[in-house]
Amino acid sequence: MTTATARISRSGHTAAKPSRNAKSRERALAWARRAPLLPALVFLIIVTQLPFVVTLIISFLNWNSLSPDKTAFAGLENYVTVLTDPDLRQAIFTTIFLTVAVVLASLLIGLGLALLLDKKFIGRGLARTLLIAPFLVVPVAAALIWKHALLNPTYGLINGILTWIWSLFGSVTPPQLDLLSQAPLMAVIVSLVWQWTPFMMLILLAGLQSRPMDTVEAAQMDGATSWAIFRHLTLPHLRQYLELGGLLGAIYIVQNFDAVFTLTAGGLGTANLPYAIYQTFYFANEYGLASAAGVVVVIGTIIVATFALRTVFSLFKKEAAR
Amino acid sequence: MSTLTPAASRKAAPVRPTSNNASGRRGKSRMDPTRNNTAAGLAAWLLALLFAAPVVWMILTSFHSETDAATNPPSVAANLTLDAYREFFGETSGVSPWPSLINSATASILSTVLVLVLAIPAAYALSIRPVKKWTDVMFFFLSTKMMPVVAAILPLYLFARTVGALDNIWFLILMYTSMNLPIAVWMMRSFLAEVPVEMLEAAQIDGANLLLTLRKIIAPVAMPGIAAIALICFIFSWNELLLARVLTGVVAGTAPVFLTGFVSGQGLFLAKVCAAAVVISLPVLFAGFAAQDKLVQGLSLGAVK
């Protein structure tokens, strides 16, 4: 007996009920079924969908809260500004680059880690727990630690270790990095990759451990090399999990605010769209412009999400067919 | 049937039970287990230590004095002290983090309760007695989670300002509820879908009413799931910064908001920054280690089991 057939038989109960007041009874039954769902549904529509509609409306207005009497319909002006203003356009590119870089790097490292952790070795549970730690530090706290305790050019851990290693060889002039001012976007990327790799690892590990072992064993019996097994059995099986990890990672990282806000405060070309929008409405009070940028983020997310939904949907169908 | 149910596969997911391993991978599998795995184990441990190093360093530094914390090369063997924690809790500076910690706890716990109150009936309607087109409803929930917060934050801010709900913990609680509700519904549905239909039918035949069925059949299966969902909602609310920063201020500010203000106000006192980071991360570290695999399930919106 599978859950799918169960579900069908469950809904099948109500489908056919011939009686005198069949229609109204059926309707009443349908509402009885729907009733438990409605509070959550209505709440979410009010709290998430309505505000977005308002954002959409504001995005067509010329509205700076510092000069409220100049509020007027602006047409597409705000959208033109978002796409042409050098800072905002830069923010779009930064968002794309940041997201792609972090997702790819954390997926690759996460895949490597998942493959290692799939093998049995001494203290595997503890190693796994240690690896998850980065993901469990509160994001703002993690960003602060990276900024002050690790990347600080004078007493951060990374330069400290460089000094120590160089002193082992009797050198008093170790190389000292200053990632935060030399390559601030890199600093943001490194800290985010550190935080997100465990997430990718956990998803991929779940994928690896759901892999049917009989085909792998059969391949081993036939003398397939580990690389051939990885390439032709493991990777195809992991594909869905790689997609899911990548797309969900993208959706979370596109929205990242904490790291950009804390590490660089958006300076030196690190402002992504969420940070730029925050600044545009919170400090510049350009409500129309901020809203248009918000809509641009949503359009971008919809593009990513369409793929994400397809992936999730295929997993979903798999589950329903089980 | 038991090997095919989601329950069984989920239990097997985190660390494959040794009994499974022994029977499933006996014999010719893993040709040279010892050599291969020692190398993999070493590599994994090396990377694990590398990834954990920043966390370990944060904890270690928080127990150092300010002078020992700010040295180059690092002073690993320096004396341990609780000074940074004393400072952080305001014994010398007079700025107490307690109100913000209490705000965070209030917002996280109450929004979690609200989420459960809304999500459990919804998931019931989507799995035990599924409404028509339940997949469409599921995807609507999911799509709200995919909308970036920045796309709705200005109207929320304007609304809060208009009705006087700025810097009000209750408004933040409502926001956190909407933030976590989709995930909770998704996870809850996948947990409830595990309730064996035979048992439900048997209960129906025996004439058990809805309440009895809920209590005796559904609750035992759903309880671990509810606990996991609660932990995940708690963690997400506790971690949240953007909404809290825009919607709260002096009165209702949460711990992440306090932390950002604390650092810019106090300047660079490394040990104190680390102590602060440790204190606000502690609840999440505990909750997260307790619910490691549930965390992935939540983040991947219940899709990966």
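The values are calculated or read from the model by the stated rules, or taken from the named source; none is laboratory data. Note that the coordinates shown come from a computational prediction; the quantities given were computed from them, not determined experimentally. Glycine also receives a Cβ, built like all others from the backbone with ideal geometry; neighbour counts cover every protein chain displayed. Just so you know, the surface numbers come from the protein's heavy atoms only, side chains and all, with ligands and any DNA or RNA stripped out. Shrake-Rupley method; radii C 1.70, N 1.55, O 1.52, S 1.80 Å.
Residues of A:190-200, mean number of Cβ from any other protein chain within 10 Å of their own Cβ, rounded to a whole number?
Taking the mean over all residues of the peptide, I get 2.
Calculate the all-directions average of the projected area of the protein assembly as shown's alpha-carbon convex hull, and give it in nm².
33.5 nm²
Using every Cα-Cα pair within the range A:73-131, state what percent have a distance larger than 16 Å.
Working: 1101 of 1711 pairs.
Percent of Cα pairs beyond 16 Å in the range A:73-131: 64.
Given Cα pairs under 8 Å that are at least 6 residues apart, what percent is the relative contact order of the range A:27-81?
It rounds to 23 percent for the range A:27-81.
Based only on Cα atoms, what mean projected area does the convex hull of the range B:128-282 have, in nm²?
Its Cα hull, projected and averaged over all orientations, spans 12.5 nm².
Give the peptides A:247-257, A:91-101, A:221-231 in descending order of average Cβ contacts within 10 Å, highest first.
A:247-257, A:91-101, A:221-231
For the range A:36-172, with equal point scatterers placed on the C-alpha atoms only and solvent neglected, what are the log10 I(q)/I(0) values from the Debye formula at q = 0.13, 0.17 1/Å, to two decimals?
One equal scatterer on each Cα of the range A:36-172 leads to -1.03, -1.17.
With every protein chain present, what accessible area does B:Asp83 have (1.4 Å probe, heavy atoms only), rounded to the nearest 10 Å²?
Here the accessible area works out near 70 Å².
Could you sort B:Glu201, B:Glu194 by accessible area so the largest value comes first, with the probe set to 1.4 Å? Don't jump to the answer; show the numbers that get you there.
Working: B:Glu201 70, B:Glu194 30 Å².
Greatest to least solvent exposure: B:Glu201, B:Glu194.
Of the cross-linked pairs A:Lys23/B:Lys133; A:Lys119/B:Lys294; A:Lys120/B:Lys294; A:Lys147/B:Lys145; A:Lys147/B:Lys272; B:Lys272/B:Lys294, which ones have a Cα-Cα span greater than 24 Å in the structure shown?
In this structure, A:Lys147/B:Lys145; B:Lys272/B:Lys294 exceed 24 Å between Cα atoms.
When only Cα pairs under 8 Å and 6 or more residues apart are kept, what is the percent relative contact order across chain A? It would help to have the intermediate numbers written out before the result.
Values: 322 pairs, mean separation 91.6, N = 322.
Relative contact order here is 28 percent.
On the principal axes of its Cα set, how long, how wide and how thick is chain A? Give whole Å, largest value first.
96, 78, 29
Extension gain A:Asn285-A:Trp227, at 0.36 nm per residue separation less the Cα-Cα distance, in nm?
15.2 nm
Please give the average number of partner chain Cβ atoms lying within 10 Å of the Cβ of each residue in A:155-165, rounded to a whole number.
Averaged over the peptide's residues, the number is 5.
For the range B:165-305, what is the relative contact order in percent, using Cα pairs closer than 8 Å and at least 6 residues apart in sequence?
On the way: 97 pairs, mean separation 52.8, N = 141.
Relative contact order comes out at 37 percent.
With a point put 7 Å past each Cα toward its Cβ, work out how far A:Ile165 is from B:Thr38 in nm, to one decimal.
A separation of 2.7 nm, rounded to one decimal place.
Could you pull out every residue, at least 5 positions away or on a different chain, whose amide H is within less than 5 Å of the one on A:Leu61? Hs are placed 1.01 Å off N in the peptide plane, and Pro or chain starts have none.
A:Ala74
Peptide A:287-299: average number of partner chain Cβ atoms within 10 Å per residue?
Numbers: counts 4, 1, 0, 3, 6, 0, 2, 9, 1, 1, 5, 6, 1.
The mean count of partner-chain Cβ atoms within 10 Å per residue comes to 3.
Kyte-Doolittle mean at least 0.0 and Cα extent at least 30 Å along the axis: which DSSP H helices of chain A qualify?
Details: long enough: A:86-118 (47 Å, 1.72); A:184-209 (38 Å, 1.64); A:287-320 (45 Å, 1.39).
Taking the DSSP H segments of chain A (at least 30 Å long, mean hydropathy at least 0.0), we get A:86-118, A:184-209, A:287-320.
I need the peptides B:271-283, A:192-204, B:104-116, A:23-35 ranked by packing, meaning the mean over residues of other C-beta atoms within 10 angstrom, with the highest value on top.
A:192-204, B:271-283, B:104-116, A:23-35
Got a sec? Which residues in the range A:97-131 would a label at B:Leu50 touch, if it sits 7 Å along Cα→Cβ and we count backbone N under 12 Å?
A:109-110, A:112-113, by backbone N distance to the label point.
So how far apart, in nm, are the two label points at A:Ile299 and B:Lys132 if each is 7 Å from Cα heading toward Cβ?
Output for this residue pair reads 3.6 nm.
Give me the mean projected area, in nm² to one decimal, of the convex hull enclosing the Cα positions of the range A:173-322.
Result: a mean projected hull area of 14.0 nm².
Could you work out how much longer the chain between A:Leu50 and A:Thr154 gets when fully extended? Use 0.36 nm per residue separation minus the Cα distance between them, nm to one decimal. Don't skip to the answer; put the middle values down first.
Details: separation 104, 0.36 × 104 = 37.44 nm, distance 4.88 nm.
Gain in length upon complete extension: 32.6 nm.
Mind grabbing the base-10 log of I(q)/I(0) for the range B:36-97 at q = 0.16 Å⁻¹? Debye formula, identical points on the C-alpha positions, no solvent, two decimal places.
Here the Debye-derived log intensity ratios amount to -0.65.
Net charge around B:Leu172, counting only other residues with Cβ within less than 11 Å of its Cβ (Lys, Arg = +1; Asp, Glu = -1)?
Taking every other residue near B:Leu172 into account, the sum is -1.
Apply the Debye scattering formula to the range B:159-238, with a single equal point scatterer on each alpha-carbon and no solvent, then give log10 I(q)/I(0) at q = 0.12, 0.16, 0.17 Å⁻¹.
Rounded to two decimals, the profile gives -0.52, -0.71, -0.75.
Among residues other than B:Ser65 whose Cβ falls under 11 Å from its Cβ, what is the net charge (Lys/Arg +1, Asp/Glu -1)? Please list the in-between numbers first.
Details: positive: B:Lys272; negative: B:Glu66, B:Asp68, B:Asp83, B:Glu87.
Within the 11 Å Cβ shell, the charges total -3.
Taking the mean number of other Cβ atoms within 10 Å as a proxy for protection, how do you rank B:74-82, A:131-139 from highest to lowest?
Details: B:74-82: 13.9, A:131-139: 23.8.
Descending mean neighbour count gives A:131-139, B:74-82.
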